[in-house]
Amino acid sequence: MKRIGLIFDMDGTLWDARIEVATSWSIVTRKHDYPDITLMDMTKTMGLPMEDIADALFPNLRKEKRLSLLNECTAYENEYLKTHPGAIYPKEEETLSALAKKGYFLCILSNAQPGYIEAYFESTKFGNFFIDHLCWGDNRLTKSQNMMLLKQRNHFDEIYYIGDTEMDENESNKAKTKFIHASYGFGKAKNPYFVLRQFSDLLKCPF
């Protein structure tokens with residue numbers, strides 16, 4: 001039997017934490033007399049590597065200050081999300097449980113900072129469904145590189161990446177990995193292997 005890894009993006013795929021992240025960041029930026037972070041700010045930057053988000057949201061600051069503020073925001077965000085989780089999608093828990101019981105190996109790969117995926121685990125209690133996770137902040141590698149790293153270290157015969165944006169699709173293509181588009185999320189895709197209209201459609205996917 002093939003050892004198949006299902007690798008999930010976070011934002012727009014496993015949950016929608018835009019409001020909670022914007023709220024937590026605004027608590028920090030107010031301390032520095034910097035404008036609040038809005039839902040629109042979060043929407044346009046979701047999925048980007050963290051330093052790119054800092055460039056987009058704090059363009060008037062010097063790079064050193066920009067990164068310092070980013071680090072303060074993300075550290076507070078991780079703690080905030082543990083008790084203020086993002087919105088999960090309908091039938092998410094049941095679907096993850098069913099996939100794990102079918103013998104698929106579930107992982108998470110995000111462009112977020114260290115601690116973000118762990119905050120999802122702590123606030124949702126879904127961590128027991130996943131065998132591994134990686135984020136950009138762990139090693140500063142691209143998603144395509146980290147897809148291959150997850151495949152190698154878990155000895156997967158085949159992997160699928162589940163994400164919501166064209167950037168996710170492009171990274172999947174670079175890794176020569178089949179891309180499953182979470183169309184309920186924040187973005188579009190050009191030529192995905194399979195399209196999810198809702199999270200539970202994963203149970204219909206021909207892996």
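The values are calculated or read from the model by the stated rules, or taken from the named source; none is laboratory data. Because the structure is a prediction, the values reported are computed rather than measured. Reconstructed Cβ throughout: ideal geometry from the backbone, glycine too, with neighbour counts over all protein chains shown. Just so you know, the surface numbers come from the protein's heavy atoms only, side chains and all, with ligands and any DNA or RNA stripped out. Shrake-Rupley method; radii C 1.70, N 1.55, O 1.52, S 1.80 Å.
Summary table
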quantity	calculated
Matching residues in region 171-207 - criterion: being more than 19 Å from A87 (Cα to Cα), surrounded by fewer than 17 Cβ atoms within 10 Å (Cβ to Cβ) and under 17 Å from the mean Cα position of the chain (by Cα)	K188
Test: residue in region 113-128 that is touching a Ser or Thr at 6+ places or on another chain (Cβ under 7 Å), of a type outside the set (A, V, I, L, M), open to solvent by less than 30 Å² (accessible area, probe 1.4 Å) and not in a helix (DSSP H, G or I)	yes
Filtered residues of region 77-100 (kept if among the hydroxyl-bearing types (S, T, Y) and over 18 Å from the mean Cα position of the chain (by Cα))	T83, S97
All positions within region 146-170 that are open to solvent by less than 60 Å² (accessible area, probe 1.4 Å), more than 15 Å from the chain's Cα centre (by Cα) and polar (S, T, N, Q)	N154
Helices (runs of 4 or more DSSP H) contained in region 1-109 and holding at least 3 residues open to solvent by 50 Å² or more (accessible area, probe 1.4 Å) and within 21 Å of W136 (Cβ to Cβ)	50-57, 63-83
In region 129-142, residue surrounded by the most Cβ atoms within 10 Å (Cβ to Cβ) [restricted to those that are touching a Pro at 6+ places or on another chain (Cβ under 9 Å) and in a helix (DSSP H, G or I)]	W136
